[in-house]
Amino acid sequence: MRYEAPATAKAAAKLLLGAKGSAKILAGGTDLLVQLRSGMKPPGLVVDIKHIAAMSGIKKERGGFRIGAAVPSAVMGENKGLGKAWPGVVEATGLIGSTQIQGRATMAGNLCNASPAADSVPALAAAGAVARIAGPGKRRDIPAEKIATGPGKTSLKKGELVESIFLPKRPPRSGDAYLRFIPRTEMDIAAASAGVNLTLDRKGVCTAARVALGAVGPRVILSAKAAKALIGTRLEDSALEGFAAACSAAATPIDDKRGTKEFKTHVAGVLARRAAVIAYERAGGKP
Amino acid sequence: MIKTKFKLVGTRPLRPDGVDKVTGRARFGADISAPGMLHALILRSPHAHARIKSIDTSRAEKLPGVKAVVTRDDFKLPEREDLVDICRNVMAREKALYDGHAVAAVAAVSKTVAREALKRIQVEYQVLPHVTDVDAAMKPRAPILHKGMRTIGAEPAAKKDSNVAQIHTFGHGDVVKGFAKADIIIERSFKTEATHQGYIEPHACLATYGADDRADLWCCTQGHYMVRNACAGLLGMEVSHLRVTASEIGGGFGGKTTVFIEPVALALSRKAGKPVKLVMSRDEVFRASGPTSSSSTDVKIGITKKGKITAAQAILRYQGGAFPGSPVQFGAMTGFAPYDLENVHTVGYDVVANRPKQAAYRAPGAPLAAFAIESVIDELAHKIGMDPLEFRLKNAAREGTKSSYGPTFGPIGLEATLKESKKHPHHLAPLGPNQGRGVACGFWFNFGGQTSVSLNIGEDGTVSVVEGNPDIGGSRASMCLMAAEELGVPYEKVRTVIADTASLGYNEVTDGSRVTFAVGMATIKAARQAIAIMCERAAKIWDIPAEAVVWEDGCAKPAGSNAGNFKPMTLAEIAGSAGSTGGPISGHSEATADGAGVSFATHMVDVEVDPDTGKVTVLRYTVFQDAGKAIHPAYVEGQFQGGAAQGVGWAINEEYIYGEDGRLQNPGFLDYRIPVASDLPMIDTVILEIPNPGHPYGVRGVGETSIVPPLAAIANAVSEAAGVRLTHLPMSPPRVLKAMMENGKGAA
Ligand SMILES: Cc1cc2nc3c(=O)[nH]c(=O)nc-3n(C[C@H](O)[C@H](O)[C@H](O)COP(=O)(O)OP(=O)(O)OC[C@H]3O[C@@H](n4cnc5c(N)ncnc54)[C@H](O)[C@@H]3O)c2cc1C
């Protein structure tokens, strides 16, 4: 196993492209190292991105935030501006693992590991986050929800890597929230999760919404139908009931050790409803 | 006579092993290495049930760096009957009986080489139908695990092969008559899923087998004498040719009371002629150590309108894995033990299934029975509008009660725990919406057993207690306290060490809550013997009869003015002159300890249930338990809290989940959910002390009773909060939500 720690994204892309056998990007390693220890075939090349300066910071850009791919969750949690603008995304990333894990775990790693239960992904999808991909050719931007194509699979091509994730400027009276269901209080994996991001008009009526469900399908589910159930409402009980039902209808979970289909379907609706109420209050709406 | 006035016993000094554990100096199973050591790995069956047609190890043996490969061919079936199943469990023979059953093992120069070697071993399996559920295993056409196994205790005698190994019955009176007298009868069925002790340290050992057929074994175990005897039997050795040293132990809870990897490491070391280290991964611990039984139980209890139990009956079925020996008889014996019953009858079915052979887990078998029985007790109390504690008090077993399993109780503390819980602030605190409070009682026998202790007086007046029971719950602190109490020296002057098997007589395993009781008693006796010798030495110096010398406050003193006027001699002074008064001074005790006092507990717990998700949060928990005498109260509280904490896991989220293919789906701590710290409230404890007449200080074992009531107490609380009776453990969110919705209780 060869280990490289290049200083630029270009150099990283070059190494990845030139690799003869399999190659893996190493960000925080909280997925990769665990997988290696539990019997995954070691890759021929490991490219550590933590020495790439351009990937290691959080920058303001056009009123939004550009978060480097090597930025650990703990650093995101300490950025006050980011926390104020995108509390749901920061919270979601803050749920990953424990204090120790958060000193290493990155949002890009969470995204590229492509677990259906990844915590930051529904929040990113709801936020309309955009991943910037570096590679052999020109940089390109794609929506965060387009990275994972199925469990453990991404749309990235050989030589490509996520360089940063961009959270756009948001209109006034906007709020987001993320909730997951775990049987315990900590150190667990979501059986269902929901991210909600919405914008209100002056009267507290929802004018725009994005709703994403996690762990209830092979990849994150962005439900326009569920979002529609919020738009035009003040999140009255009846609207929320319809919304929860729409979310449950959008969920496509499987029966497994983490719960039955029925359970996950129901809880996806419950969580989305609770997250919507939090997002609504964050946007300045009065319940 | 039971001693009641103490200087040191009952205080809370620092634990003697604390510094080692926080600084990392303590050596656990995997912490030791030897020059030239090899690393071993075990190949395990991926099938729940399969005939092993052939095993070809030749390609593995040819791999450079591989020094030994062992299979069933390297283990002769032992003559000792009690070792036959252990042998079959340690290494599969004709059949693999569960997912994870060991099939071959390799010792190589590195783990990497060993891993590669495992891949080169070719095993030809013929996959057979399997069964993992207890009720399914008892069905007439279930796949049979053991050809020729006939149910022992069946009436009429069994004529066909069965997965039911044995039927146990207990009770007295006439339940048919008793039920006829009842005004109200409740009958219910319950299920529990298998759990694992969840000790944090995986099994690990280092075996060194010499060319002279003498061997040393270092391992993490609850009983190194047991390991010695089992390994010697399996390898055809004489016990004294195998010396076993117990490492520090990172938890066991009963799960380390048998052997899994130790005989394999020895066999590999014998074959390779080199030290062999073998460490289980967590995945292996889950798949191939000894989890608990899963169970299915029917309970029927009848009462009068006034709340007196007229008859009680339970049928218990425990699946104990691939070999006979589930603790169902303990379930059948203990479940009704808290009650004074005229008519009681229990039947226990010991069932085999395609799962790892169960091992002990704190009060083996009792929590499952208590869950079912205490649930029905709770329901009956509510049915007649009686406080569940009052109901239990009305029917409680007392001194003189003929127990449900036979013997008549001596002085016991059940009533005291119930009365104490009735007046505790917890009982009187208000509950909020979606909250419920549950109580339950629990009983455990406790045990004594063979014990050997030496106590050596050092030349400078310090003391070493040498015992042979791995310290799993702070027992070294308790031994130091008891020795210091007897000798009249400060706690810090005593050091307790756990000797290897060659250095001390036989000791039974650290189990049955026996150590503070039995080893404590031996320590006290050894100290008293040393005191007698020291009195003799003083008498010799003073030239008076030994009877004229007494031991007080750490000194030998003349018994009275008649004996003479001598300045008392301290322990250190006597020790310092021992060389000229007769030589080294030690005390010993070698005995089979009888008189272990039974122990009862009552638990009280508040929970909240989220009506939208079925998630249970434990809000408040109080344990009331009789300790006889708490030698080191902080450790007693630790045992109470530990039992309750493990009970919370068992009740709410822990469960072995098998797929259709008979494979374990969750062999890791991510999906096998033991509680994390934030899942638990502070667990409050109330220690009651009703002395056990069988111990010089009144000690009763406390380690196991504490896990008996929690499953039931929590189920009773959840049932109240959810508005529906929960009868299947664990009460994981999907199960609770489903039960609520089916009863129209969930906020759908
Ligand atoms: C104890 C523990 C608890 C955990 N708890 C949670 C939890 O609660 N919720 C949760 O969602 N996850 C959890 N995880 C999983 C993990 O911590 C997260 O997925 C984390 O975000 C991964 O980030 P990383 O930087 O460590 O990724 P790495 O392990 O470095 O990488 C993960 C994967 O992404 C690829 N990758 C990394 N960066 C890039 C990039 N820039 N471009 C392209 N590919 C890349 C890697 O090659 C690898 O395949 C937990 C893990 C552990 C060990």
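The values are calculated or read from the model by the stated rules, or taken from the named source; none is laboratory data. Because the structure is a prediction, the values reported are computed rather than measured. No Cβ is skipped: glycine too gets one built from the backbone with ideal geometry, and neighbour counts run over all protein chains shown. Calculation scope for accessible area: heavy atoms of the full protein, side chains included, ligands and nucleic acids excluded. Shrake-Rupley method; radii C 1.70, N 1.55, O 1.52, S 1.80 Å.
A few notes on this one:
- For the range B:660-748, the solvent-accessible area of protein heavy atoms averages 34 Å² per residue (probe radius 1.4 Å; ligands and nucleic acids excluded).
- Surface exposure of the range A:174-282, expressed per residue as accessible area with a 1.4 Å probe, stands at 39 Å².
- For residue A:256, the amide hydrogen comes within under 5 Å of the amide hydrogens of A:261, counting only partners 5 or more places away or on other chains and with H modelled in the peptide plane.
- Figure note: B:517, B:669 ranked by solvent-accessible area, largest first, 1.4 Å probe, ligands and nucleic acids not counted: B:669, B:517.
- Neighbourhood charge, 11 Å Cβ-Cβ cut-off, centred on residue B:662 and excluding it, Lys, Arg +1 and Asp, Glu -1: -2
- By a 1.4 Å probe calculation restricted to protein chains, residue B:650 has an accessible surface near 10 Å², given to the nearest 10.
- Student exercise, the protein assembly as shown dipole from Lys, Arg, Asp, Glu Cβ charges, in Debye to nearest 20: 4440
- Solution diffusion estimate, µm²/s, Stokes-Einstein, the range A:114-241, Kirkwood Rh from C-alpha pairs, 20 °C, viscosity 1.002 mPa s: 136
- Rounded accessible area of residue B:11 (nearest 10 Å², 1.4 Å probe): 50
- Which of A:15, B:711 is most accessible, then next, and so on - probe 1.4 Å: A:15, B:711
- Average other protein chain Cβ within 10 Å of Cβ, residues B:278-287: 1
- Shape of the range A:1-90, Cα gyration tensor, a/c cut at 1.5: oblate
- Ratio Rg/Rh, restricted to the range B:510-579 and using Cα atoms, in which Rh is the Kirkwood radius: 1.14
- Per the protein assembly as shown, cysteines lacking a partner by the 4.7 Å Cβ criterion: A:112, A:206, A:247, B:87, B:220, B:231, B:441, B:480, B:535, B:555
- Projected area, mean over directions - the range A:174-282, Cα convex hull, nm²: 6.4
- When the pairs B:67/B:111; A:264/A:286; B:159/B:300; B:21/B:629; B:191/B:308 are compared against a 19 Å limit on Cα-Cα distance, A:264/A:286; B:159/B:300; B:21/B:629; B:191/B:308 fall above it.
- Shape call, chain B: gyration tensor on alpha carbons, a/c limit 1.5: oblate
- Net +/- balance of residues flanking residue A:253 in space, Cβ distance below 11 Å, scoring K and R +1, D and E -1: 0
- With a threshold of 22 Å on the Cα-Cα distance, the over-threshold entries among A:14/A:59; A:10/A:158; B:119/B:277; B:3/B:525 are A:14/A:59.
- Solvent-accessible area lost in complex, 50 Å² minimum, residues of the range A:264-287 relative to chain alone, 1.4 Å: A:266, A:274
- Protein heavy-atom accessible surface, 1.4 Å probe, per residue over the range B:443-494: 26 Å².
- Per-residue ³J(HN,Hα) for the range B:363-377, Karplus 6.51 cos²θ - 1.76 cosθ + 1.60, θ = phi - 60°, Hz, x for Gly and Pro: 6, x, x, 6, x, 5, 5, 4, 4, 5, 6, 5, 5, 5, 4
- Local electrostatic count, residue B:103, Cβ distance below 14 Å [Lys/Arg +1, Asp/Glu -1]: +3
- Remark on residue A:152: its backbone amide H falls under 5 Å from those of A:115, a criterion applied only to residues 5 or more positions apart or on other chains, H modelled at 1.01 Å from N.
- For the range A:181-226: span of alpha carbons on each principal axis (Å, largest first): 40, 24, 10
- Label sites at residue B:543 and residue B:119, each approximated as a point 7 angstrom past Cα along Cα to Cβ, lie 8.5 nm apart.
- Using the alpha-carbon positions of the range B:447-507, Rg (one decimal) and Dmax (whole number) come out as 11.6, 36 Å.
- Those residues of the range B:650-670 for which accessible area with every protein chain present is at least 40 Å² below the isolated value (1.4 Å probe): B:670
- Out-of-range pairs (alpha-carbon distance over 23 Å; input A:24/B:62; B:181/B:394; A:257/B:256; A:41/A:153): A:24/B:62; A:257/B:256
- ³J(HN,Hα), Karplus 6.51/-1.76/1.60, whole Hz, each residue of the range A:80-89, x for Gly, Pro: 4, x, 5, x, 6, 6, 10, x, x, 5
- Taking every C-alpha pair closer than 8 Å and separated by at least 6 residues, the mean separation divided by the residue count of the range B:590-734 gives a relative contact order of 39 percent.
- Area of residue B:679 that stays accessible when all protein chains are in place (1.4 Å probe, Å², to 10): 30
- Buried accessible surface for the B/A chain pair comes to about 1800 Å², total over both chains, computed with a 1.4 Å probe.
- Taking only the Cα atoms of the protein assembly as shown, the ratio Rg/Rh comes out at 1.01, with Rh defined as the Kirkwood radius.
- Amide H within-cut-off set for residue B:154, under 5 Å, with H built and near neighbours excluded: B:167
- Pairs of alpha carbons in the range B:174-331 whose separation is greater than 21 Å (percent): 59
- Annotation for residue B:26 and residue B:561: the two label points, set 7 Å from Cα along the Cα-Cβ direction, are 5.4 nm apart.
- On the protein assembly as shown, 53 percent of the accessible area sits on carbon and sulfur atoms, based on a 1.4 Å probe.
- Other protein chain Cβ atoms within 10 Å, averaged over every residue that makes up A:30-41: 1
- Chain B, relative contact order in percent, only Cα pairs under 8 angstrom and at least six apart counted: 15
- Modelled spin-label separation between residue A:51 and residue A:236, with each label point placed 7 Å from Cα along the Cα-to-Cβ direction: 6.2 nm.
- When shorter helices are ignored and each DSSP H run of at least 4 residues is given -39500 (n - 2.57), the per-residue value for chain B at 222 nm works out to -8000 deg cm²/dmol.
- Burial of accessible area (probe 1.4 Å, heavy atoms of protein chains only) in the range A:177-213, relative to its chain alone, reaches at least 50 Å² for A:181, A:183, A:184, A:185.
- Bins of 10 Å from zero: percent of alpha-carbon pairs in the range B:650-736: 13, 33, 29, 17, 7, 1
- Values of log10 I(q)/I(0) for chain A across q = 0.08 Å⁻¹ run -0.33, by the Debye formula with one identical scatterer at each alpha carbon and no solvent.
- Comparing the range B:448-593 with the 2.2 N^0.38 Å rule of thumb, its C-alpha radius of gyration ratio is 1.07 (two decimals).
- Applying the Karplus relation 6.51 cos²θ - 1.76 cosθ + 1.60 with θ = phi - 60° to the range B:578-591 yields 3J(HN,Hα) values of 4, x, 9, 10, x, x, x, 10, 9, x, 9, 8, 10, 7 Hz, where x marks Gly and Pro.
- The order of B:673, B:282 by accessible area, most exposed first and with a 1.4 Å probe, is B:282, B:673.
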